[in-house]
Ligand code: NAD
């Protein structure tokens with residue numbers, strides 16, 4: 001055990017590099033992309049520190065280039081999920097007994113590896129495997145991931161310092177024990193940092209983890225596992241498996257030592273997971289913790305006092321960066337009639353200037369959507385919009401092409417029906433729907449914003465009138481877990497804007513904050529009495 005009250009280094013946000021022409025970072029990433037493309041990777045599952053391969057071999061191609069084969073990975077079955085659980089449980093005793101500062105050191109080192117020697121690699125893998133332009137890869141894979149790890153170490157030390165008061169003659173202590181079993185981490189395709197954090201956060205708090213990344217993120221998941229290993233994470237603490245989602249979900253939810261799920265993904269999948277846990281509630285040794293950050297139908301509302309150019313820029317970035325595949329992406333906007341003509345001009349002009357193509361060409365602001373399933377879903381909404389010409393008009397984009405990669409033009413739909421499907425449902429692609437409201441009906445429109453969708457993840461108000469801002473803050477109090485004033489609703493920074501939403505958007509445990517880490521501990525209260533009583537009688541029992 002440690003013999004000192006150690007202080008962890010102060011956390012900070014990793015500086016986002018700009019990749020300007022001629023910069024060292026640009027040269028480094030170009031070299032790394034070239035090197036990655038030269039070899040087709042072989043990506044095994046990692047169970048108990050060992051590489052596991054199966055006969056079910058799957059191919060990873062770049063979303064922006066079907067012909068570019070990046071890697072092969074191996075698909076497991078229920079048997080592999082069970083093996084990963086066994087490996088985790090075997091590692092548990094030693095891992096939870098290790099002093100907290102050793103755990104901290106591993107993840108601090110991992111953060112330094114991410115922002116240092118692995119920076120180009122983890123970014124390049126995210127660019128090729130998830131079709132992110134270099135800036136999107138940098139803010140996610142390098143910066144946000146390192147931020148998650150550094151801030152979580154800091155938050156862990158704060159949680160451990162939280163101790164109860166003690167009356168005279170006794171000493172009360174709080175011990176922040178890891179959970180008694182294994183945590184199952186299930187992660188989405190769209191953020192490398194989320195994939196890493198969902199397994200790392202419970203492990204940092206002393207838990208053992210089975211991690212199932214999205215099939216569409218396995219390429220950068222391999223880099224994450226390499227980093228954890230190089231940072232000194234012992235075998236079995238985080239086990240990475242590739243299996244069909246429901247197969248993993250079934251094994252997880254029917255195991256008596258299951259103690260928690262750390263999920264980020266769609267609302268639909270989270271509902272299924274929760275139901276399975278409910279059905280099996282009587283078999284668990286411990287009530288499991290259920291943490292799920294899910295979808296969004298994120299809004300921008302502009303008041304008649306807003307600056308049109310600011311609104312248009314927020315929509316151009318907030319709706320279309322990473323092809324709208326951010327849970328926080330603005331996908332519905334409510335714009336006042338007095339500003340609409342000007343906002344429309346700016347927005348359409350911006351969209352015309354967007355370049356779309358491979359992330360390897362750094363001039364491209366827009367890249368491909370993740371896979372065929374996403375392509376079909378998104379283009380389905382666009383085709384429907386073309387048919388619904390009585391209620392909607394496509395004012396920008398609307399075309400798509402899957403010949404080379406999964407490319408969809410950033411598309412803006414203008415609707416006269418505020419309840420139109422694309423105002424309500426998560427599309428998760430480069431489609432923004434706009435409803436222009438009578439500038440005198442601000443209050444009614446705030447009501448619409450609140451009631452239109454079941455989600456409540458992010459939202460933004462643009463206004464210069466402080467009363468209008470205040471009204472939005474109050475009226476939309478439950479409409480978004482991350483609320484922005486005069487800023488786009490994307491780009492939350494760890495430690496600055498803890499992230500998560502309520503209603504259908506999840507359990508709002510705010511990843512990258514203390515609230516999340518509390519989920520991965522089960523506190524034990526210890527009371528020590530320095531002068532235990534030796535007589536059961538109390539003074540009130542004595543004769544007058
Ligand atoms: P998804 O729900 O399709 O998949 C998420 C993960 O769940 C994958 O690893 C998948 O294999 C697994 N899975 C599927 N069925 C399962 C089952 N029955 N049991 C257990 N696991 C199962 O999500 P996606 O397409 O990868 O990601 C996009 C979604 O994630 C969007 O809805 C987006 O809004 C959401 N998201 C939310 C946040 C947030 O912080 N709120 C962040 C990122 C993404």
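The values are calculated or read from the model by the stated rules, or taken from the named source; none is laboratory data. Every value quoted in this text rests on a predicted model; they were computed, and no experiment measured them. Using ideal geometry, Cβ is built from the backbone for each residue, glycine included, and neighbour counts are taken over all protein chains shown.
Being buried (at least 23 other Cβ atoms within 10 Å of the Cβ), more than 25 Å from the chain's Cα centre (by Cα) and in the same structural domain as residue 312 (by TED's automatic domain parsing) narrows it down to one residue among 335, 414, 432; which is it?
On the way: 414 fails: buried (at least 23 other Cβ atoms within 10 Å of the Cβ); 432 fails: more than 25 Å from the chain's Cα centre (by Cα).
From the options 335, 414, 432, the qualifying one is 335.
Check 465, 487, 438 and return the single one that is more than 29 Å from residue 272 (Cβ to Cβ), under 25 Å from the mean Cα position of the chain (by Cα) and in contact (Cβ under 8 Å) with a residue 12 or more places away in the chain.
Working: 465 fails: under 25 Å from the mean Cα position of the chain (by Cα); 438 fails: under 25 Å from the mean Cα position of the chain (by Cα).
Only one candidate passes the filter, namely 487.
In the list 512, 501, 506, which residue meets the criterion of being modelled with pLDDT under 95, buried (at least 17 other Cβ atoms within 10 Å of the Cβ) and within 16 Å of the ligand (Cβ to nearest atom)?
Values: 501 fails: modelled with pLDDT under 95; 506 fails: modelled with pLDDT under 95.
Just a single option satisfies the conditions, and that option is 512.
Scan segment 65-84 for residues that are in contact with a helix residue (DSSP H, G or I) (Cβ under 7 Å, 6 or more places away or on another chain) and assigned to a helix (DSSP H, G or I) and jot them down.
Result: 78, 81, 82.
Starting from segment 228-255, keep only residues that are touching a residue at least 24 places away in the same chain (Cβ under 8 Å) and in the same structural domain as residue 274 (by TED's automatic domain parsing), then list their pairs with residues that are in a loop (DSSP other than H, G, I, E, B) and within 11 Å of the ligand (Cβ to nearest atom) whose Cβ atoms are within a distance under 8 Å, requiring at least 6 positions of separation or different chains.
Pairs found: 240/213; 242/213; 248/241.
Among the residues of segment 253-282, write down those that are within 14 Å of residue 85 (Cβ to Cβ) and either surrounded by fewer than 17 Cβ atoms within 10 Å (Cβ to Cβ) or within 7 Å of the ligand (Cβ to nearest atom) (or both). Talk me through it step by step, then tell me what you get.
Here is the first cut: in segment 253-282, the ones within 14 Å of residue 85 (Cβ to Cβ) are 253-261.
Across segment 253-282, the qualifying residues are 254, 256.
Quick one: which strands (runs of 3 or more DSSP E) lie wholly within segment 169-236 and hold at least 1 residues that are modelled with pLDDT of 95 or more and farther than 21 Å from residue 92 by Cα? If you could, list the steps in order and put the result at the bottom.
Working: elements: 170-178, 182-186, 208-212.
Per the criteria, 170-178.
In segment 194-217, how many residues are closer than 19 Å to residue 136 by Cα and more than 10 Å from the ligand (Cβ to nearest atom)? It would help to see each step written out before you state the result.
Keep residues of segment 194-217 that are closer than 19 Å to residue 136 by Cα, which gives 194-197, 214, 216-217.
Still in the list and also more than 10 Å from the ligand (Cβ to nearest atom): 196-197.
Total meeting the criteria: 2.
Looking at segment 290-305 only, could you name the residues that are surrounded by fewer than 20 Cβ atoms within 10 Å (Cβ to Cβ) and either more than 21 Å from the chain's Cα centre (by Cα) or away from the ligand (no atom under 16 Å from the Cβ) (or both)?
Taking segment 290-305 and keeping what is surrounded by fewer than 20 Cβ atoms within 10 Å (Cβ to Cβ), we get 290, 304-305.
304, 305 - these are the residues of segment 290-305 that are surrounded by fewer than 20 Cβ atoms within 10 Å (Cβ to Cβ) and either more than 21 Å from the chain's Cα centre (by Cα) or away from the ligand (no atom under 16 Å from the Cβ) (or both).
Let me spell it out: the conditions are (1) surrounded by 15 or more Cβ atoms within 10 Å (Cβ to Cβ); (2) within 18 Å of residue 121 (Cα to Cα); (3) touching a strand residue (DSSP E or B) at 6+ places or on another chain (Cβ under 6 Å), and residue 28 meets all of them except one. Which number is the exception?
(3)
Can we say residue 403 is outside any loop (DSSP other than H, G, I, E, B) and surrounded by fewer than 20 Cβ atoms within 10 Å (Cβ to Cβ)? Show your work before the answer.
On the way: outside any loop (DSSP other than H, G, I, E, B): no; surrounded by fewer than 20 Cβ atoms within 10 Å (Cβ to Cβ): yes.
Considered against the rule, which asks whether it is outside any loop (DSSP other than H, G, I, E, B) and surrounded by fewer than 20 Cβ atoms within 10 Å (Cβ to Cβ), residue 403 comes out as no.
Regarding residue 286, is this residue in contact (Cβ under 8 Å) with a residue 60 or more places away in the chain, more than 9 Å from the ligand (Cβ to nearest atom) and either over 20 Å from residue 187 (Cβ atoms) or touching a strand residue (DSSP E or B) at 6+ places or on another chain (Cβ under 9 Å) (or both)?
Details: in contact (Cβ under 8 Å) with a residue 60 or more places away in the chain: yes; more than 9 Å from the ligand (Cβ to nearest atom): yes; either over 20 Å from residue 187 (Cβ atoms) or touching a strand residue (DSSP E or B) at 6+ places or on another chain (Cβ under 9 Å) (or both): yes.
Yes.
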